[in-house]
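Report on one structure; see the data block that follows.
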Amino acid sequence: MANAAKKVRATFILYGNGLSLSDIKEKTGLKASEISMALCHLRKMGDLERDQAANTGKGRKTVWVYTYKGEQE
């Protein structure tokens, strides 16, 4: 899990903000459950915020879009 949190944090630093779970999955290659746990951990630490946005693809009508507000490395 710690490794997943590091990868997710690095993804936000590299690609910027406004990423959904599917964007993070595509960029990191992690499983959705690993990403979900890492996002939950980062939110509890206060490094991440989320907002709902309309989905542009198939499936759900709205998705969570995450914004990293922690320290940039």
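Considering (1) part of a helix (DSSP H, G or I); (2) among the small types (Gly, Ala, Ser); (3) modelled with pLDDT under 95, the lone condition that SER36 does not fulfil carries the number (3).
Do the conditions hold for ALA38, that is, is it small (Gly, Ala, Ser), on the phi < 0 side of the Ramachandran plot and surrounded by 13 or more Cβ atoms within 10 Å (Cβ to Cβ)? Yes. Selection of the stretch 25-73 for residues being touching a strand residue (DSSP E or B) at 6+ places or on another chain (Cβ under 8 Å), closer than 16 Å to ILE13 by Cα and β-branched (Val, Ile, Thr) yields VAL65, THR67.
A quick yes/no check of all residues on (1) modelled with pLDDT under 95; (2) not hydroxyl-bearing (Ser, Thr, Tyr):
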| residue | (1), (2) |
| --- | --- |
| MET1 | yes, yes |
| ALA5 | yes, yes |
| ILE13 | yes, yes |
| ASN17 | yes, yes |
| SER22 | yes, no |
| GLY29 | yes, yes |
| ASP51 | no, yes |
| THR56 | yes, no |
| GLU71 | yes, yes |
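Within the stretch 41-55, the only residue that satisfies the criterion of being out of contact with any Asp or Glu (no Cβ under 9 Å at 6 or more places or on another chain), in a loop (DSSP other than H, G, I, E, B) and surrounded by 11 or more Cβ atoms within 10 Å (Cβ to Cβ) is ASN55. Here is the figure for the stretch 56-65: residues that are in contact (Cβ under 8 Å) with a residue 12 or more places away in the chain and assigned to a loop (DSSP other than H, G, I, E, B) total 1. Among the residues making up the stretch 1-54, those that are more than 16 Å from GLY70 (Cβ to Cβ) and without any contact (Cβ under 8 Å) to a residue 12 or more places away in the chain are ASN3, ASP23, LYS25, GLU26, GLY29, LYS31, ALA32, SER33, ALA54.
The values are calculated or read from the model by the stated rules, or taken from the named source; none is laboratory data. On a predicted model such as this, the values are computed, not experimentally measured, just so you know. We place every Cβ from the backbone using ideal geometry, glycine too, and count neighbours over all the protein chains shown.
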